[in-house]
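First the structure, in the form of structure tokens, and then the observations on it.
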Amino acid sequence: MKISHHPSEELLVSYASGSMTEPVALVIATHLAMCPACRRIVADAEATGGALLEELQPQILRPDALNSALERLNNTHGAPAQKSRSNFGAPEPLNSYLSRPLDETKWIHVTPWLAIKPLTTRGGTRAQLIRSAPGSGVSLHTHRGEELTLVLQGGFSDEYGHYGPGDLQTATPETQHTPIADMDSYCINLAVTDAPLVFKNWSVGVIAKLFGF
Ligand SMILES: [Zn+2]
């Protein structure tokens, strides 16, 4: 798997510190399961954070603070505890959110070519699977908040390049794009958004609002 698009270092360090909400931690943890390069960055950040805590501990931390902080680091970085040990062929920790393999997922059809599967929502930030039919596009849109899109199967292209399995795209309010799925297979993404998308075409916007994009 050749991965060209990675989370920012800021996101990886934030993940290592355990300060992310569950949906964001889920998408980063799933990218890490697919990307050895980012796993190394997170391991370095954890080592640096642990050393820093050890240095600070005698002066300013409560006696139990170091242990509880290290325990937090050793936990799952804000990602949820494993809900099941099932193996549905998806990277961990995504498996824990599935009740069946990706290709047997019960999709909610938004349009004939676009389907979703909500996974989890925390404080307005939602994680969902999005499946696009081969060659289909999502209308030109911008973002009110931040959106992280991780390709699990297939791929898509937009104004910023091509994204294949393991690639993660970070979209911000400045991002305006028209993603189009590859022609040869369904594209399945894990997407996390903290605010609805803003569509340039009002009728697409109405559909998106109905389905909670
Ligand atoms: Zn990476």
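Overview of values
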quantity	calculated
Cut-off under 5 Å, modelled amide H: who pairs with His143 long-range	Thr175, Val198
Burial ranking of peptide ranges 9-17, 41-49 (average Cβ count within 10 Å, highest at the top)	9-17, 41-49
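All of the numbers you see were taken from the coordinates with simple rules; none came from a lab. None of these values were measured; they are calculated from a predicted model. Neighbour counts are summed over all protein chains in view; Cβ atoms, including those assigned to glycine, are modelled from backbone coordinates with ideal geometry.
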